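One structure below.
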């Protein structure tokens, strides 16, 4: 068997001849930008591939043309690179290859670096080495405000076009004042030993991009939310943070000028001008800045692009927000995402496109030092993962249609070059969010496996010293003592489900060692009763007030469910020891879970047992987890459902959107799809759709969290994928879809009898299955290679 087949998810390093290069000064500057360039003679510019990466990110130009940007964010020890065909950009004769590099300086174990080589017909004709020229990109201000919780859009971007050199990306530019690049040392045992990649820490494993390029489209604002003017005041306490003055409330336009603002919604030009009274009237006590707030109608993931024609030194501050606060633009409280552009005053006009994309609905433009009429137009260059819409749900129930749409839209928003928790606040690839909710939604709505595959690989490559996987898996992480143990369990289940969906067993073979290490972490904390107790990591489970002490019920139930996946993986691997271990651990939990945690008098499970005593605290979480993962018999199942949802005889902590995914699954598992549908309509329909949200909230309330039992005024995001489970539920659960054979060659369907009519498309690797119900009749149309059975295993097609 070929090595490539055995190690399908561990591609070998390519044979590089290029060197990692940098500026030769501080290897870890904070938010530094550099220009880098070289020129090359080519007689035949065809059949070319350009391999390139950088730490942290680059924008690539060839002969003055923008080629692309990257790389995909990753850990330095699992570093992505890109490959471009440059045939359309290269000329016969002299060519210029250039890039802007931004090293953010916010990730541990990294340093600035650039690596590239041009291959033509198998021969390497250009590599990064010390012949390349490099210089600081002074157009970008380095000391700008850092949004510490975001590792993608780490700093505000302040760009002064007056400082940008003309023609630096083109042949013939005079770079005589620039420095020669310096090759980065190759090994830890000899800092002076310079070697080509990949033998260069910290970038010890280089991985070719394994997802497609993002699709882009242009979007103009849907409406002008506000036009105002603000007194121009200098923010002396935190001048590097533009969000402060962008959050300043303004008054009606009196001293400034804003003409034709509505034209911005049509892609046309508006004209603005700052107040000029102070120039002629020395008793006039203010300068006023014109401001325009744009509403793009829904949350988007985009780069803002401005076209301007105004005076040199005229400045535009750009603020981003998901929502308004008290009807006003304010992004200083949470997020603080903002950029700034200073015009060079080019007579032919000028264009600015932000280096990084942001997640936003509202954009505020604030103009200063524009003391003559300044023309401006604005568009959002939307970037998102190029999903095909292979799955779908449509019915004659508009609430369900709207719930499905905001859920599917959130999956799109949170899918870019990684699977994000939210594109607004963090843009991080959180392990549990993606494992428990997002990738199941991706399979169901789009049938894509490449982005989930990238997530599983990156996560498996980020196992910490404890054996748990890192909370955030597309960056280097050292917070091993803050790992969320439940997230590693969700990843195990997700890995098994990926195999079941794709039928590709190499996923299990390659990542089985990581699974075993995770299991060993939990084995250490199994007590004499057979339950996990006092696991010394924070099991978040949900943003909810849970009693996580002692024998914590929801974590034990999740461990029980993950062990089922471990047992099946071990059987696939013919690993008798782990099969027996999983059976033994599951038996221990099953035999004592009810005894230790079920309160028969109240008819429900409590959250935990501490030192042999049940706590009083009751949550939806422990009860639905016990049902979902098969820890209760039918009698207790029915009692729990009555206690929580019908007689409502106990007070309990309600699950937030993330764990309500388990609520829906548990009720469907218990044969109460009707009740699950009621909860879906009430929680997503009434609390989100009816309130006008266009994507799913992080928690049920936008202005606060109940994570510790009190209402804390913590702003919640409007675009959280862990809340998007209804998209999967209305496709798979409504049709009773189950995978019978890995790869979906055989599936089971049991379409629900409902008061509404529906049409559903279920993507599979063999093609979509279409299920419709109308006038009491069910129609099923499946690809010819897919066997469809009922849940009795009898073929129904």
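Of the residues that sit in the range 777-793 and are in a loop (DSSP other than H, G, I, E, B) and touching a strand residue (DSSP E or B) at 6+ places or on another chain (Cβ under 6 Å), which one is modelled with the highest pLDDT? Lay out the reasoning, then the answer.
In the first step, residues of the range 777-793 are kept if they are in a loop (DSSP other than H, G, I, E, B); the result is 782-786, 790-793.
Filter once more, so that each one left must be touching a strand residue (DSSP E or B) at 6+ places or on another chain (Cβ under 6 Å): 782, 791.
Numbers: 782: 98, 791: 65.
Looking at the filtered set, the residue picked out is 782.
Would you point out the residue of the range 264-286, among those that are touching a residue at least 60 places away in the same chain (Cβ under 8 Å) and not in a strand (DSSP E or B), that is surrounded by the fewest Cβ atoms within 10 Å (Cβ to Cβ)?
We begin by selecting, within the range 264-286, every residue touching a residue at least 60 places away in the same chain (Cβ under 8 Å); these are 264, 267-274, 276, 279.
Now narrow it down to the ones that are not in a strand (DSSP E or B): 264, 267-269, 274, 276, 279.
Numbers: 264: 21, 267: 14, 268: 12, 269: 17, 274: 25, 276: 17, 279: 10.
Among those residues, the one meeting the criterion is 279.
Name, by its number, the condition in (1) at pLDDT below 95; (2) under 30 Å from residue 701 (Cβ atoms); (3) surrounded by fewer than 17 Cβ atoms within 10 Å (Cβ to Cβ) that does not hold for residue 348.
Every condition holds for residue 348 apart from (2).
Considering only the range 619-655, state which residues are farther than 23 Å from residue 551 by Cβ and crowded, with 23+ Cβ neighbours inside 10 Å.
none
Hey, does the range 579-593 have a residue that's over 19 Å from residue 516 (Cα atoms), without any contact (Cβ under 8 Å) to a residue 60 or more places away in the chain and crowded, with 18+ Cβ neighbours inside 10 Å? So that I can check it myself, show each step before the final result.
The initial filter retains those residues of the range 579-593 that are over 19 Å from residue 516 (Cα atoms), namely 590-593.
Cutting the leftovers down to without any contact (Cβ under 8 Å) to a residue 60 or more places away in the chain gives us 590.
Adding the requirement that they be crowded, with 18+ Cβ neighbours inside 10 Å leaves none.
Looking for residues that are over 19 Å from residue 516 (Cα atoms), without any contact (Cβ under 8 Å) to a residue 60 or more places away in the chain and crowded, with 18+ Cβ neighbours inside 10 Å, one finds none in the range 579-593, hence no.
Scanning for something within 26 Å of residue 721 (Cβ to Cβ) and under 21 Å from the mean Cα position of the chain (by Cα), does the range 283-294 turn up at least one residue? Show your work before the answer.
Applying the first criterion (within 26 Å of residue 721 (Cβ to Cβ)) to the range 283-294 yields 294.
Restricting the remaining residues to those that are under 21 Å from the mean Cα position of the chain (by Cα) gives none.
No, there is no match, as no residue in the range 283-294 is within 26 Å of residue 721 (Cβ to Cβ) and under 21 Å from the mean Cα position of the chain (by Cα).
Please verify whether residue 176 is surrounded by fewer than 19 Cβ atoms within 10 Å (Cβ to Cβ), at pLDDT 95 or above, within 27 Å of residue 353 (Cα to Cα) and assigned by TED's automatic domain parsing to the domain that holds residue 90, treating the condition exactly as stated.
No; evaluated as a whole, the condition is false for this residue.
Being farther than 22 Å from residue 533 by Cβ and not in a helix (DSSP H, G or I) is the filter here; which residues of the range 601-641 pass it?
If the condition is that a residue be farther than 22 Å from residue 533 by Cβ and not in a helix (DSSP H, G or I), then 601, 602, 603, 633 are the ones that fit.
Within the group 249, 312, which residue is more than 29 Å from the chain's Cα centre (by Cα), closer than 24 Å to residue 161 by Cα and in a loop (DSSP other than H, G, I, E, B)? Break it down stepwise before answering.
Working: 249 fails: closer than 24 Å to residue 161 by Cα.
Residue meeting the stated conditions: 312.
Restricting the search to the range 712-732, which residues are more than 25 Å from residue 361 (Cβ to Cβ) and surrounded by fewer than 24 Cβ atoms within 10 Å (Cβ to Cβ)?
Within the range 712-732, 732 is the sole residue that qualifies.
So that you can scan it fast, the table gives a plain yes or no per residue for (1) at pLDDT 95 or above; (2) closer than 30 Å to residue 443 by Cβ; (3) surrounded by fewer than 17 Cβ atoms within 10 Å (Cβ to Cβ):
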position: 303; (1), (2), (3): yes, yes, no
position: 314; (1), (2), (3): yes, no, no
position: 317; (1), (2), (3): yes, no, no
position: 326; (1), (2), (3): yes, no, yes
position: 390; (1), (2), (3): yes, yes, no
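Looking at residue 616, is it over 27 Å from residue 435 (Cβ atoms), without any contact (Cβ under 8 Å) to a residue 60 or more places away in the chain, surrounded by fewer than 17 Cβ atoms within 10 Å (Cβ to Cβ) and assigned by TED's automatic domain parsing to the domain that holds residue 503? Can you show your working first?
Details: over 27 Å from residue 435 (Cβ atoms): yes; without any contact (Cβ under 8 Å) to a residue 60 or more places away in the chain: yes; surrounded by fewer than 17 Cβ atoms within 10 Å (Cβ to Cβ): yes; assigned by TED's automatic domain parsing to the domain that holds residue 503: yes.
Judged against the criteria, residue 616 is a match.
Rundown of residues vs (1) in contact (Cβ under 8 Å) with a residue 40 or more places away in the chain; (2) in a loop (DSSP other than H, G, I, E, B); (3) assigned by TED's automatic domain parsing to the domain that holds residue 128; (4) over 29 Å from residue 136 (Cβ atoms), yes/no style:
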{"position": "18", "(1), (2), (3), (4)": "yes, yes, yes, no"}
{"position": "24", "(1), (2), (3), (4)": "yes, yes, yes, no"}
{"position": "41", "(1), (2), (3), (4)": "yes, no, yes, no"}
{"position": "44", "(1), (2), (3), (4)": "yes, yes, yes, yes"}
{"position": "61", "(1), (2), (3), (4)": "yes, no, yes, no"}
{"position": "82", "(1), (2), (3), (4)": "yes, no, yes, no"}
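Those residues that are buried (at least 20 other Cβ atoms within 10 Å of the Cβ) and in a loop (DSSP other than H, G, I, E, B), I need them from the range 226-246; list them, please. Steps first, please.
Initially, the range 226-246 is screened for residues buried (at least 20 other Cβ atoms within 10 Å of the Cβ), giving 228-230, 242-243, 245-246.
Hit for the range 226-246 is 242, nothing else.
Just checking: which of the strands (runs of 3 or more DSSP E) contained wholly in the range 88-160 hold 1 or more residues that are in contact with a strand residue (DSSP E or B) (Cβ under 8 Å, 6 or more places away or on another chain) and closer than 30 Å to residue 369 by Cβ? Can you show your working first?
Working: elements: 93-103, 113-120, 123-127, 133-136, 157-160.
Because the criterion is at least 1 residues that are in contact with a strand residue (DSSP E or B) (Cβ under 8 Å, 6 or more places away or on another chain) and closer than 30 Å to residue 369 by Cβ, the strands (runs of 3 or more DSSP E) in the range 88-160 that meet it are 93-103, 133-136, 157-160.
The values are calculated or read from the model by the stated rules, or taken from the named source; none is laboratory data. Since the model is a prediction, treat every value here as computed from it, not as a measurement. Every residue, glycine as well, gets a Cβ built from its backbone with ideal geometry; the counts of neighbours run over all protein chains shown.
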